[in-house]
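**Q** I'd like to ask you about the structure that follows.
Each value in this text was obtained by applying a stated rule to the coordinates, not by laboratory testing. Remember, predicted model here, so these are calculated numbers, not experimental data. Virtual Cβ from ideal backbone geometry, glycine too; neighbours counted across all protein chains shown.
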Amino acid sequence: MRLMPLALLALIACSEKETGDRRQGTGDRRRETEETEGCTPRAFASSVDVREASGAVWVPASFGLEAHIVVVGDSGTKGAFAVIDAEKGELLGKGNLPLGEGVSDDIEGFARAGDLYHALASNGRVRTYRRTGATAFELVGEPYELHPELVCAQPMRSNCKLDFEGLCLTDLPGAGCAGYAASRAKGMLVCVTIRPDGTLTADPERTLAVAPPMVLSGCGIAPEGDRLYAGMNGFGGNAVVRVSDWRDPRTARKEPLGPAGTGFCEGEAVGPGGALYRFSDTRGTPSLMSALSCPVRPP
């Protein structure tokens, strides 16, 4: 059953609750209902040559490229990715992430913190990469568990337990969460921090409810570090919620932006100045994509 966008936004605004013994901070209800300007589509290529796009991250100019986005496919693509220009969506290159052994290739979240990139599988296991070229990545160590309580028992399984659909990070300094892992099964964001060795860990006690179950498709953090964007899939009308003060789930403020994107959205990336990119998993190649401008209203 598909949920209408307005119904979804009502559910988000009313999602202040406790789930079991886990704390789910939802912020200040009064400020959550402030009006927002929403998102406006802008000229951009309509598709990307990667199958079942699911994870994406915006990257500043580097490796001889202008600002660009790395888009990763999910299960069955063997780590396939495409690199596209962040301005017009033109294809700049393609490749495959090295996967290592014994863990599902169902990559659903892809994020960057400093020189390291992190790929989160739906079963809760993480691969860490160092980028060595425009279309070259090397696997750093072996895949590992984001948190023992959050992973599926069998590492080759997918779409199980919390059924993670996204990952977003910042390497900017600040107290609290460095980002979140997006759980489709629970409709919540789980706080993620970065260890001294650059690997990730999650805190199941710090979560932020943003959607009904089976609707959340991913998240992205603006390069400025001030806003987080949580996206919904087609069952939630491809709606987007912008979150400020996101480092502490208890004080986070959510701003529904309405529907944004085409197809059945399953991946998000965020650029500077409120630039939002959405990628659709249409179970084939190419994957639909769109770029939007989501300006932040002056205080």
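**Q** Taking a virtual spin label 7 Å from the Cα of ALA136 along the C-beta vector, which residues in the range 74-103 bring their backbone nitrogen under 20 Å of it?
**A** Of the residues in the range 74-103, 79-84, 92-100 have backbone N under 20 Å from the label point off ALA136.
**Q** Expressed as a rounded percentage, what relative contact order does the chain have, with Cα pairs under 8 Å and six or more residues apart?
**A** 22 percent.
**Q** Still on this structure: If you bin the C-alpha pair distances of the chain every 10 Å from 0, what whole percents do you get?
**A** Each 10 Å bin holds this share of Cα pairs: 7, 33, 39, 19, 2.
**Q** Could you derive backbone 3J(HN,Hα) for the range 227-242 from the dihedral phi with the Karplus parameters 6.51, -1.76 and 1.60 (θ = phi - 60°), listing whole Hz in sequence and x where the residue is Gly or Pro?
**A** Values, residue by residue: 9, 10, 10, 10, x, 10, 8, x, 5, x, x, 6, 6, 10, 10, 9 Hz.
**Q** For ASP248 and TYR144 in one chain, what is 0.36 nm times their gap in residues minus the Cα-Cα distance, to one decimal in nm?
**A** Here the segment from ASP248 to TYR144 would lengthen by 34.9 nm.
**Q** What is the gain in length, in nm to one decimal, between ALA185 and ARG283 on full extension, counting 0.36 nm per residue of separation less the C-alpha to C-alpha distance?
**A** The span from ALA185 to ARG283 would gain 33.3 nm if fully extended.
**Q** If each Cα of the range 77-163 is one equal point scatterer, what is log10 of I(q)/I(0) from the Debye formula at q = 0.15, 0.22, 0.26 Å⁻¹?
**A** Once normalised to I(0) and log-transformed, intensities are -0.57, -1.06, -1.33.
**Q** On to the next question. Which ³J(HN,Hα) values, rounded to whole Hz and listed in residue order, are derived for the range 206-213 from phi using the Karplus coefficients 6.51, -1.76 and 1.60 in 6.51 cos²θ - 1.76 cosθ + 1.60 with θ = phi - 60°, glycine and proline given as x?
**A** These are the phi-based 3J(HN,Hα) values: 10, 9, 10, 6, 10, 7, x, x Hz.
**Q** Once phi is turned into ³J(HN,Hα) by the Karplus curve 6.51 cos²θ - 1.76 cosθ + 1.60 with θ = phi - 60°, what whole-Hz value does each residue of the range 152-162 show in order, with x for glycine and proline?
**A** Here the 3J(HN,Hα) series is 6, 5, 9, x, 8, 6, 9, 6, 9, 6, 6 Hz.
**Q** Efficiency by 1/(1 + (r/R0)^6): what FRET value for THR40 and MET156, r their Cβ-Cβ distance, R0 = 41 Å, to the nearest 0.05?
**A** My answer for the efficiency is 0.45.
**Q** Can you compute the helix-only [θ] at 222 nm over the chain? Use -39500 (n - 2.57) per DSSP H run of at least 4 residues, normalise by all residues, nearest 500 deg cm²/dmol.
**A** About -1000 deg cm²/dmol.
**Q** State which entries of LYS78/LYS254; LYS161/LYS254; LYS94/LYS254 exceed 30 angstrom in Cα-Cα distance in the structure shown.
**A** Pairs exceeding the cut-off: LYS78/LYS254; LYS94/LYS254.
**Q** Just to be sure I understand the model, the point goes 7 Å from the Cα along the line to the Cβ. What's the resulting PHE264 to GLU66 distance in nm?
**A** The two pseudo-label positions are separated by 3.4 nm.
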